[in-house]
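One structure below.
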Amino acid sequence: MWADIGLFYCAFFWGISFVSMKILVGVYPPCWILFLRFFSAAILVYIFFHKRIHKTFKHDFKSGFILGFLLFIAIATQTVGLKYIGGGRSAFISATYVLMVPLMVWAIRKIFPGWITLSAAFLCVFGMYLLTGDEISGTFNIGDFLTLICALTFAIQVIAIEKFTQGCDPIVLSFVEFLTHGILAFFYSLIFETRNELINIESLPELLFTIILCTFGCYMIQICAQKYVKPSRAVIIMSLESVFGLLSSIIFLGEIITLRAALGCALIFVAVLAAELEPLIKTHKKI
């Protein structure tokens with residue numbers, strides 16, 4: 001139950017972070033934001049958990065590095081892909097990782113996710129189709145390809161988290177993941193991006209919110225929670241990020257919700273509810 005609540009927390013704050021990120025991308029280049037987010041989050045983890053990090057750092061370094069590398073590839077391909085396709089189309093293609101995860105677990109581990117989970121994943125992706133509007137039509141291009149890589153990498157990362165947390169300290173995994181992602185983002189930004197200033201004081205509240213709650217808090221909780229929640233269920237819960245993102249845009253940015261988007265939100269909620277009730281349904285059938 002607490003693991004599920006933790007994933008709901010992640011979805012909620014990741015959704016709200018769309019507002020702060022919209023402000024930040026008007027001030028900083030994308031990968032410079034990622035460097036500030038993840039490197040700062042790594043410093044926070046070290047401040048609070050340095051004893052645990054020193055104790056098992058070598059043992060868990062490889063696993064944390066893989067997670068950080070996968071996360072960077074996913075976010076970087078999504079960011080570059082946005083240069084060629086619209087935000088709605090990107091959001092929809094990225095959301096297909098919700099369906100990829102149970103299918104990949106089924107293919108790799110020969111574990112059938114269950115008809116309820118599989119149906120919920122399909123329903124969730126269809127909900128995202130409605131939520132993202134009419135932008136998803138058009139010919140396939142390099143932006144679509146990069147965003148598909150993003151979705152595939154996200155799916156692999158979610159499955160890898162579930163595997164690595166069984167034998168590693170989640171806190172150390174988080175530290176190495178943040179550090180790896182931050183360093184990779186720094187060098188990418190150094191080579192490919194230009195910026196006018198290192199830190200903008202006016203946008204500091206949004207930056208701190210994104211670092212402390214949406215990065216340090218959310219990604220660490222995700223790793224800890226996924227130790228107790230199977231990947232196919234975890235991604236369905238985390239798909240609520242898109243719903244909370246839309247709601248926060250309506251509340252804080254004054255965006256208008258359409259009937260189609262509202263129906264998409266409703267379908268995603270139904271999918272999450274089905275994933276949450278699956279254990280109870282199975283128990284009832286056994287009785």
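The values are calculated or read from the model by the stated rules, or taken from the named source; none is laboratory data. Remember, predicted model here, so these are calculated numbers, not experimental data. Note that we place each Cβ from the backbone using ideal geometry, even for glycine, and neighbour counts take in every protein chain shown. We work out accessible area using only protein heavy atoms, side chains counted, and drop any ligands, DNA or RNA first. Shrake-Rupley method; radii C 1.70, N 1.55, O 1.52, S 1.80 Å.
Annotations
- Carbon + sulfur, % of accessible area of segment 162-247 - ligands and nucleic acids excluded, 1.4 Å: 67 percent
- Placing R0 at 25 angstrom, the Cβ-Cβ distance between residue 191 and residue 84 gives a FRET efficiency of 0.80 after rounding to 0.05.
- Label separation (residue 252 vs residue 126): 3.2 nm, computed from points 7 Å beyond Cα along the C-beta direction.
- Helical mean residue ellipticity (222 nm; -39500 (n - 2.57) per DSSP H run of 4+; nearest 500) of the chain: -26500 deg cm²/dmol
- Applying the Karplus relation 6.51 cos²θ - 1.76 cosθ + 1.60 with θ = phi - 60° to segment 168-185 yields 3J(HN,Hα) values of 10, 6, x, 5, 5, 4, 4, 4, 5, 4, 4, 4, 4, 4, x, 5, 4, 5 Hz, where x marks Gly and Pro.
- Chain lengthening between residue 260 and residue 9 when straightened (0.36 nm per residue, less Cα-Cα): 87.8 nm
- Additional length obtainable on full extension of the chain from residue 202 to residue 25, 0.36 nm per residue less Cα span: 62.4 nm
- Partnerless Cys - the chain, beta-carbon criterion under 4.7 Å: 31, 124, 150, 168, 214, 224, 265
- Backbone amide hydrogens, once placed in the peptide plane, bring residue 228 within less than 5 Å of nothing, excluding anything fewer than 5 places away on its chain.
- In Å, descending, principal axis extents of the Cα set of segment 33-88: 45, 20, 15
- Segment 28-120 - percent of accessible surface contributed by carbon and sulfur, probe 1.4 Å: 73 percent
- For segment 96-228, the solvent-accessible area of protein heavy atoms averages 47 Å² per residue (probe radius 1.4 Å; ligands and nucleic acids excluded).
- Filtered chymotrypsin sites (Phe, Trp or Tyr not before Pro), segment 22-87: DSSP coil and at most 15 other beta carbons within 10 Å: 84
- Links that overshoot a 26 Å alpha carbon limit, given the list 58/110; 58/227; 22/163; 83/230; 22/227: 58/110; 22/163; 83/230; 22/227
- 3J(HN,Hα) along segment 122-127, derived from phi through the Karplus expression 6.51 cos²θ - 1.76 cosθ + 1.60 where θ = phi - 60°, amounts to 4, 4, 5, 5, 5, x Hz, with x in place of Gly and Pro.
- Using the Cβ-Cβ distance between residue 183 and residue 58 with R0 = 30 Å, the FRET efficiency computed as 1/(1 + (r/R0)^6) comes to roughly 0.95.
- Once exposed loop GluC sites (Glu not before Pro) are cut out (DSSP; at most 16 other Cβ, 10 Å), longest piece of the chain: 1-134
- Cα gyration tensor shape for segment 202-255, rounded if a/c is under 1.5, else prolate or oblate: oblate
- Set against the labelled values (i) 86, 75, 37; (ii) 59, 48, 34; (iii) 77, 73, 31, Cα extents along the principal axes in Å computed from this structure falls on (ii).
- Of the listed residues 230, 55, 163, the order by accessible area with a 1.4 Å probe, largest first, is 55, 163, 230.
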